[in-house]
1. Please go through the range 68-94 and pick out each residue that is surrounded by fewer than 17 Cβ atoms within 10 Å (Cβ to Cβ) and in a loop (DSSP other than H, G, I, E, B).
2. Considering (1) surrounded by fewer than 20 Cβ atoms within 10 Å (Cβ to Cβ); (2) touching a residue at least 12 places away in the same chain (Cβ under 8 Å), say which one Leu203 fails and leave the rest.
3. So for the range 57-73 (the condition being of a type in the set (Val, Ile, Thr) and at pLDDT 95 or above), does at least one residue qualify?
4. Say we look at the range 283-306 and pick out the residues that are polar (S, T, N, Q) and closer than 24 Å to Gly336 by Cα; which of these is surrounded by the fewest Cβ atoms within 10 Å (Cβ to Cβ)?
5. Quick one: would you say Phe28 is closer than 29 Å to Ile268 by Cβ, without any contact (Cβ under 8 Å) to a residue 60 or more places away in the chain, in contact with a Gly (Cβ under 8 Å, 6 or more places away or on another chain) and surrounded by 19 or more Cβ atoms within 10 Å (Cβ to Cβ)?
6. For the structure I just gave you, tell me whether Ala267 is modelled with pLDDT of 95 or more, surrounded by fewer than 24 Cβ atoms within 10 Å (Cβ to Cβ) and closer than 18 Å to Leu203 by Cα.
7. What residue, among those in the range 88-140 that are more than 17 Å from the chain's Cα centre (by Cα) and hydroxyl-bearing (Ser, Thr, Tyr), is nearest to Val72 (Cα to Cα)?
8. So for the range 95-114 (the condition being in contact with a Ser or Thr (Cβ under 8 Å, 6 or more places away or on another chain) and in a helix (DSSP H, G or I)), does at least one residue qualify?
Amino acid sequence: MYSPLNLSSPVLELARYPLDKRETLLPFDAADELIMDWWLNNPESAQQLCFINDGFGALSCFFAQQSEAQLVHISDSFLAQQAAMNNMSHNQLDEQRISYKDCSDEWPEAPNRIIIKVPKSLALFEYQLARISELPEGTPVLIASRLKDLPAKAVKLLKDAFGNVVPELARRKSRIMHAQVSGDIQPRPEPTRWDLPAFELTLENQANVFSRKSLDIGTRFLLQHLPKTYKPKKVIDLGCGNGILALAMARRYPDNKYVLVDESHMAIESARQNQQSNLPELSDKFTFLCQHGLVGFWSESADLVLCNPPFHQQQAVTDEIAWQMFNQAKNALRTGGKLRVVANRHLGYHVKMKRIFGDVEILASNSKFVILESRKADKSKHVVEEDTGSEHESE
Ligand SMILES: C[S@@+](CC[C@H](N)C(=O)[O-])C[C@H]1O[C@@H](n2cnc3c(N)ncnc32)[C@H](O)[C@@H]1O
């Protein structure tokens, strides 16, 4: 589960979060290693270094080991924060040296250097570059990316933000670039807004929110197949994004209780904002949690879980999170409770749900998507993992 990072001394052992049980994905990439290599050749004495989008804490751990600076980890992702915390602790690094901020927090006013990895979402990148442009003129910025994660639009955003961007030669299909805060403050992009007339909702989306410009077609299909609830129930919107599924349900069934969960701080902020602006009278019916799925959630406590599962984590395509979400949903549901999912047909999620729940029903399908539902038949808590087909008791 832990992979050695050989550039560091002593060698760091790093893991993704959640752990990738199939061990196919590393917790760092070549762009991280270029940053580390550059620092080993150009060490600076710094009081405070800021890392933006440090995926699994590789940079945080490396710099905790190689510099005396206070470290600030800035990310929109709860999973990224958790990974950094776990890796700092696993490597017995001083956890007091690092603080964690998300995009809505105040950022440090005058760090000695910003180190930023280009994120998957260019809207998030634009937002982060605008925040960086507010720092003191001349603050050095080190930008890193794998070439395949650096589209021409990202390069344009960099030029717009800094004017002069000096690239180093690409190595190992990755590149680092140098820039300085120019003093020309860029406006922070406004959240996007779009309407969902069928449910009388207007949805506001911060930069890193899924489907921020318009309704996702998978979500649209699930909205056409929302369950009917005749008695007040506890409904979980798992991976809620802007909260659209729970809010649409609440428009029709205001007596239910709704729990909205996402690992993106911006998603949870947007969902909370959307509940307040669309259904302010239901505030006591809504709970918002920024965390990894339903970890730590009361078992046997929910009646319905709605989910449009993620199929990537940061830049990597993976179904690991979906597996974990389905297992977590089974644990959180009461006997008789149901998990309803929308998924691309080709992902084969019906096989996963059948393995976990023992049964699955295809409620609807079109050329691209299926709506799947599994019912929790009993209280057994076996967890099913994909690769080995192994099943074990979770408690
Ligand atoms: C496909 S989007 C669906 C968003 C929304 N439900 C919709 O239909 O528009 C999946 C969501 O899952 C969230 N997500 C990804 N990994 C997660 C995790 N480990 N725990 C909670 N949410 C997660 C993503 O941030 C994203 O908002």
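The values are calculated or read from the model by the stated rules, or taken from the named source; none is laboratory data. This is a predicted model, so every value here is computed, not measured. Glycine gets a Cβ as well: all are built from the backbone with ideal geometry, and neighbour counts include every protein chain shown.
1. Across the range 68-94, the qualifying residues are Glu68, Gln92, Asp94.
2. All conditions pass for Leu203, except number (1).
3. Taking every residue of the range 57-73 in turn, at least one turns out to be of a type in the set (Val, Ile, Thr) and at pLDDT 95 or above.
4. If we take residues in the range 283-306 being polar (S, T, N, Q) and closer than 24 Å to Gly336 by Cα, then Thr287 is surrounded by the fewest Cβ atoms within 10 Å (Cβ to Cβ).
5. Spelling it out, Phe28 is indeed closer than 29 Å to Ile268 by Cβ, without any contact (Cβ under 8 Å) to a residue 60 or more places away in the chain, in contact with a Gly (Cβ under 8 Å, 6 or more places away or on another chain) and surrounded by 19 or more Cβ atoms within 10 Å (Cβ to Cβ).
6. Here the answer is no, as Ala267 does not meet what is asked.
7. The qualifying residue nearest to Val72 (Cα to Cα) is Ser99.
8. Yes, that holds for at least one residue.
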